[in-house]
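Novice: Handing you a structure now.
The values are calculated or read from the model by the stated rules, or taken from the named source; none is laboratory data. No experiment lies behind these values; they were computed from the predicted model shown. Glycine also receives a Cβ, built like all others from the backbone with ideal geometry; neighbour counts cover every protein chain displayed.
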Amino acid sequence: MIRLVLLVAQKDLLIERRSRVLLWQVAPFGLMTLVLCGLAVGPTASTQARLAPGLFYIVLTLVSLLVINRTSQLESSRGTVTSIQILGMDPGSVFLGKALAMWVQLATVGSALLVGTTVLLHVSVRAAVLTLPVLLLASATLSLAGVLYGRIAASSANAGTLLPALALPAFAPVLIAGERAFSSLVVASPLARWVWLLSVALVAYASVGLLLYGALEES
Amino acid sequence: MAVASLCDVVVTAGSFPLLSGVTLTLEPTVTYVITGSNGAGKTSLLRLLAGLEAPSRGSGTVLGFDICSSQRRELRRHVGWLGHEMSFYADLSPVENLKFAARTTGADVAAITPALDRVGLAQRSKVPMKFLSAGQQRRVSMAWFMVRRPQLWLMDEPYASLDDEGRDLLSELLVTAQTSGATIVLTSHGLLPPEIDAASIVMVGGRIAKVAS
Amino acid sequence: MKLLIRRALGPLALASSVATFVMGYFITPPDKVQGDLARLVYIHPAEAWVALYLSFGTATIASALYLWPRTRSMVADRVAEAAVEVATLFIGLTLLTGSIWGRPTWGVWWVWDARLTSTAVLGVLMLGYLALRRANDDPQVRAKRSAVFAILTAVNIPIIHFSVMWWKTLHQGATVFTENRDLKIHGSMAWTLLLSFLAFSLNFAWMVRARYRIADREAGQRDSDLDAALVARRTETAS
């Protein structure tokens, strides 16, 4: 199983390396949205710094929608779908493999956005560095959920607009927990419960995915 | 034992019956060519045999797997598929695509390079699939058949988009498969090369109109 | 028995609703502090009960039954769809009546309270479920994807609830029971409250049944259409 998970992840990442969608489209979108957020909250540095954790996670959530869409599109053409279905791969391994690849991509863009947040929205370097493990956890949760919601929306009519309607409400806890954890570092308050919440969500999505991804693949 | 046994199978898309009640038995080591006008259900029958479509009504087994149950997934691992559209991933090269496919199915990775040589893609084996012509993409699928050596070969219009050399190559591949005991089912609008000895299945209106050996 | 339930469900739902209205509006006294506003207690908790527990619970169980291979049937899919439609309606009503109560009580139409926010997020997810159903034409594909989405939502709801609860909580404490499970309200008020739960539950059952029957007839129509299409397809000739 682990071998297949790694194979699927490696394949998705190789496609990303070839197409550079993350570098030339997703990351610039994220950074531009961050700039727009800075413009939207006004020029006062203290206000920007206070709102930075929330703005960062909103941008990360929006970016994750693009990455989910992109990952779903890899297997959108009928020929590709058929040739992959013929391989008869274990659906649980495919689910975890795709989530792993998405996690690497989201964590990479998230880290770039964190640098952008530090520079543009005046968050302390210490808080940004300390929040990195939480970002990794939050992006892992978003990836597991993203693969599931991406597969649910895939091949439906207007999949691009359907995905946000399905996924964004469900991403609310990740947004809250990530933002609170980041804010805890900014104002030095406890963050353990938010890490716990993200971990519970991660385990919940992983379990549902392992159980039900096969049913989604068959639809 | 029959390779496939279908009993009054209906396959639908929405409320349109792609297959309107197919009853058919396919014998092992025989090559079948499915003919029929556009929309007669040829591709749908191939997809059903590949375990890619679930019947709405009727019953059947292919290679011993029940096509009405979750055994369809296992069935897919034992068939080879060549369709109209580009197979595998457009951004990956033939070598990368075939390596991925071979590793996930446990096929022989070492057989990939000789297979790509044989189909005349040695020079283009590292070019992303999206930059290959339709005929070259078909050749990649042919190379995959050589690596995979499936029990049941399912090919939708395999001669389409191929040049003379490609057609000869495909015929050679099919004859080799025939002699090695594979069952082949292909669709065709035109005449098959004389070296292919095939039984004919005529489809009309989503069902079998005639089977002739 | 089935016939009795079929015939009696609608009248019983109507009668219990009228009785709740009469009891709640004319017979029970106004609250000492909140006055007539407190009469919302005969609507709001029962709506929330139907929206969050009865409807969503039914949809979750039906979806799980659909996904479990041994119990898979389109009946479960139709029940899930009917329950989600009713849930969406009652979530809307719960939020509306909650807002009507909240404006004079908290001074605002909306507060970021855990129960309110979770309910609103659940409402949006239910709209997503309905959108998903409309984006897929094939009944089997639609059923599978919707069922997985419903299960994901069920798993998500406690996580959403805890996340918002830890984030901030303002909601009115338990109205009906104290922490020791003793009733806080008495006499005609308690009976009316109980009656409202019965009335809304009967309305839920009636609505789900009515919606199920529509879906069942639609499926029957699809089957007839397929039979006709099969006959037409079988008479096609080679061109």
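Novice: Quick one: B:A101 ticks every box in (1) more than 9 Å from chain A (Cβ to nearest Cβ); (2) within 23 Å of B:L169 (Cα to Cα) bar one, so which box is it?
Specialist: All conditions are met except number (1).
Novice: How many residues does segment A:173-201 contain that are facing another protein chain (nearest Cβ under 10 Å), of a type in the set (A, V, I, L, M) and surrounded by fewer than 22 Cβ atoms within 10 Å (Cβ to Cβ)?
Specialist: Final tally of qualifying residues: 2.
Novice: In segment A:153-172, what count of residues is obtained for those that are at positive phi and either more than 7 Å from chain C (Cβ to nearest Cβ) or of a type in the set (V, I, T) (or both)?
Specialist: Going residue by residue through segment A:153-172, those that are at positive phi are A:155, A:158.
Pick out the ones that are also either more than 7 Å from chain C (Cβ to nearest Cβ) or of a type in the set (V, I, T) (or both) and you get A:155.
Of the residues in segment A:153-172, 1 are at positive phi and either more than 7 Å from chain C (Cβ to nearest Cβ) or of a type in the set (V, I, T) (or both).
Novice: Can you confirm whether B:R77 is within 11 Å of chain A (Cβ to nearest Cβ) and either over 29 Å from B:L132 (Cα atoms) or touching a His at 6+ places or on another chain (Cβ under 6 Å) (or both)? Walk me through it before giving the result.
Specialist: Details: within 11 Å of chain A (Cβ to nearest Cβ): yes; either over 29 Å from B:L132 (Cα atoms) or touching a His at 6+ places or on another chain (Cβ under 6 Å) (or both): no.
No; evaluated as a whole, the condition is false for this residue.
For (1) over 30 Å from C:K32 (Cα atoms); (2) not small (G, A, S), each residue gets a yes or a no:
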position	(1), (2)
C:S196	no, no
C:F200	no, yes
C:R209	yes, yes
C:Y212	yes, yes
C:L226	yes, yes
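Novice: So, one more: Out of the residues in segment A:64-108 meeting the condition of being of a type in the set (A, V, I, L, M, F, W, C) and over 20 Å from B:T104 (Cβ atoms), tell me which one is farthest from the other protein chains (Cβ to nearest Cβ).
Specialist: First, pick out the residues of segment A:64-108 that are of a type in the set (A, V, I, L, M, F, W, C): A:65-68, A:74, A:81, A:84, A:86-87, A:89, A:94-96, A:99-104, A:106-107.
With the extra rule that they be over 20 Å from B:T104 (Cβ atoms), the set shrinks to A:65-68, A:103, A:106-107.
Working: A:L65: 14, A:L66: 17, A:V67: 16, A:I68: 14, A:W103: 18, A:L106: 19, A:A107: 21 Å.
Step by step, filter segment A:64-108, then rank; the result is A:A107.
Novice: Residue under question is A:S155, and the condition is that it be surrounded by fewer than 22 Cβ atoms within 10 Å (Cβ to Cβ) and in a helix (DSSP H, G or I); does it hold?
Specialist: Working: surrounded by fewer than 22 Cβ atoms within 10 Å (Cβ to Cβ): yes; in a helix (DSSP H, G or I): no.
No, not satisfied.
Novice: Those residues that are in contact with a strand residue (DSSP E or B) (Cβ under 8 Å, 6 or more places away or on another chain) and within 14 Å of another protein chain (Cβ to nearest Cβ), I need them from segment B:1-21; list them, please.
Specialist: Residues of segment B:1-21 that are in contact with a strand residue (DSSP E or B) (Cβ under 8 Å, 6 or more places away or on another chain), as a first pass: B:2-12, B:17-21.
If the condition is that a residue be in contact with a strand residue (DSSP E or B) (Cβ under 8 Å, 6 or more places away or on another chain) and within 14 Å of another protein chain (Cβ to nearest Cβ), then B:D8, B:V9, B:V10, B:V11, B:T12, B:P17, B:L18, B:L19, B:S20, B:G21 are the ones that fit.
Novice: Read through the list (1) buried (at least 18 other Cβ atoms within 10 Å of the Cβ); (2) on the phi > 0 side of the Ramachandran plot, then give the number of the only condition that C:G35 fails.
Specialist: (1)
Novice: Of everything in segment B:116-158, what is among the polar types (S, T, N, Q) and assigned to a loop (DSSP other than H, G, I, E, B)? Give them in sequence order. If you could, list the steps in order and put the result at the bottom.
Specialist: Our first condition is that a residue be among the polar types (S, T, N, Q); within segment B:116-158, this holds for B:123, B:125, B:133, B:136-137, B:141, B:151.
B:Q123, B:S125, B:S133, B:Q151, listed by residue number.
Novice: Residue check, A:T82 against (1) in contact (Cβ under 8 Å) with a residue 40 or more places away in the chain; (2) in contact with an Asp or Glu (Cβ under 8 Å, 6 or more places away or on another chain); (3) under 30 Å from B:S44 (Cβ atoms), all met but one. Which one?
Specialist: (1)
Novice: Now for a different question. Condition check: more than 8 Å from every other protein chain (Cβ to nearest Cβ), out of contact with any Phe, Trp or Tyr (no Cβ under 8 Å at 6 or more places or on another chain) and either under 23 Å from C:V141 (Cβ atoms) or free of Cβ contacts under 8 Å to residues at least 40 places away in the same chain (or both). Does B:D66 satisfy that? Can you show your working first?
Specialist: On the way: more than 8 Å from every other protein chain (Cβ to nearest Cβ): yes; out of contact with any Phe, Trp or Tyr (no Cβ under 8 Å at 6 or more places or on another chain): yes; either under 23 Å from C:V141 (Cβ atoms) or free of Cβ contacts under 8 Å to residues at least 40 places away in the same chain (or both): yes.
Judged against the criteria, B:D66 is a match.
Novice: Sort through A:L51, A:L60, A:L14 and tell me the only one that's within 14 Å of chain B (Cβ to nearest Cβ) and either of a type outside the set (G, A, S) or more than 15 Å from the chain's Cα centre (by Cα) (or both).
Specialist: Values: A:L51 fails: within 14 Å of chain B (Cβ to nearest Cβ); A:L60 fails: within 14 Å of chain B (Cβ to nearest Cβ).
Criteria check complete, one pass: A:L14.
Novice: Looking at (1) surrounded by fewer than 23 Cβ atoms within 10 Å (Cβ to Cβ); (2) under 14 Å from A:S111 (Cβ atoms); (3) not charged (D, E, K, R), find the lone condition where A:L168 falls short.
Specialist: (2)
Novice: Same structure, new question: Within segment C:133-153, how many residues are more than 9 Å from chain A (Cβ to nearest Cβ) and more than 18 Å from the chain's Cα centre (by Cα)?
Specialist: 1
Novice: Follow-up question, since we're still on this one. I'm checking my understanding of the structure. Among residues of segment C:213-239 that are among the charged types (D, E, K, R) and more than 7 Å from chain B (Cβ to nearest Cβ), which one is farthest from the chain's Cα centre (by Cα)? Working first, answer last.
Specialist: Our first condition is that a residue be among the charged types (D, E, K, R); within segment C:213-239, this holds for C:213, C:216-218, C:222-223, C:225, C:227, C:233-234, C:236.
This time we only want the ones that are more than 7 Å from chain B (Cβ to nearest Cβ), so: C:213, C:216-218, C:223, C:227.
On the way: C:R213: 17, C:D216: 19, C:R217: 22, C:E218: 22, C:D223: 29, C:D227: 35 Å.
That would be C:D227.
Novice: Give the residue that is surrounded by the fewest Cβ atoms within 10 Å (Cβ to Cβ), with candidates limited to residues of segment B:162-208 that are without any contact (Cβ under 8 Å) to a residue 24 or more places away in the chain and either among the aliphatic types (A, V, I, L, M) or within 14 Å of another protein chain (Cβ to nearest Cβ) (or both).
Specialist: B:L191
Novice: Test B:A134 against the stated conditions and say whether it is without any contact (Cβ under 8 Å) to a residue 24 or more places away in the chain and among the aliphatic types (A, V, I, L, M).
Specialist: Working: without any contact (Cβ under 8 Å) to a residue 24 or more places away in the chain: no; among the aliphatic types (A, V, I, L, M): yes.
When the stated conditions are applied, B:A134 does not pass them.
Novice: Here is a further query. Would you confirm whether any residue within segment B:93-101 is within 29 Å of B:I196 (Cα to Cα), charged (D, E, K, R), outside any strand (DSSP E or B) and outside the structural domain of B:E172 (by TED's automatic domain parsing)?
Specialist: No, because not a single residue in segment B:93-101 is within 29 Å of B:I196 (Cα to Cα), charged (D, E, K, R), outside any strand (DSSP E or B) and outside the structural domain of B:E172 (by TED's automatic domain parsing).
Novice: Among the listed residues B:T43, B:T113, which satisfies the condition of being within 12 Å of another protein chain (Cβ to nearest Cβ), of a type in the set (S, T, Y) and in a helix (DSSP H, G or I)?
Specialist: Details: B:T113 fails: within 12 Å of another protein chain (Cβ to nearest Cβ).
Going through B:T43, B:T113 in turn, just one is within 12 Å of another protein chain (Cβ to nearest Cβ), of a type in the set (S, T, Y) and in a helix (DSSP H, G or I): B:T43.
Novice: Among the residues of segment C:121-132, what is the count of those that are over 13 Å from A:Y149 (Cβ atoms), surrounded by 21 or more Cβ atoms within 10 Å (Cβ to Cβ) and more than 7 Å from chain A (Cβ to nearest Cβ)?
Specialist: Taking segment C:121-132 first, the residues over 13 Å from A:Y149 (Cβ atoms) are C:121-124, C:126-127, C:130.
Those left that are additionally surrounded by 21 or more Cβ atoms within 10 Å (Cβ to Cβ): C:121-122, C:126.
Now narrow it down to the ones that are more than 7 Å from chain A (Cβ to nearest Cβ): C:122, C:126.
Qualifying residue count, segment C:121-132: 2.
Novice: Quick one: C:L54 ticks every box in (1) surrounded by 14 or more Cβ atoms within 10 Å (Cβ to Cβ); (2) without any contact (Cβ under 8 Å) to a residue 40 or more places away in the chain bar one, so which box is it?
Specialist: (2)
Novice: Output the number of residues of segment A:17-48 satisfying the condition of being assigned to a helix (DSSP H, G or I), of a type in the set (A, V, I, L, M, F, W, C) and either within 13 Å of chain B (Cβ to nearest Cβ) or in contact (Cβ under 8 Å) with a residue 12 or more places away in the chain (or both).
Specialist: Final tally of qualifying residues: 10.
Every residue, every condition in (1) touching a residue at least 12 places away in the same chain (Cβ under 8 Å); (2) in contact with an Asp or Glu (Cβ under 8 Å, 6 or more places away or on another chain); (3) within 14 Å of A:V94 (Cα to Cα); (4) assigned to a helix (DSSP H, G or I), yes or no:
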residue: A:G150; (1), (2), (3), (4): yes, no, yes, yes
residue: A:P164; (1), (2), (3), (4): yes, no, no, yes
residue: A:L168; (1), (2), (3), (4): yes, no, no, yes
residue: A:E179; (1), (2), (3), (4): yes, no, no, yes
residue: A:S184; (1), (2), (3), (4): no, no, no, yes
residue: A:W196; (1), (2), (3), (4): no, no, no, yes
residue: A:V203; (1), (2), (3), (4): no, no, no, yes
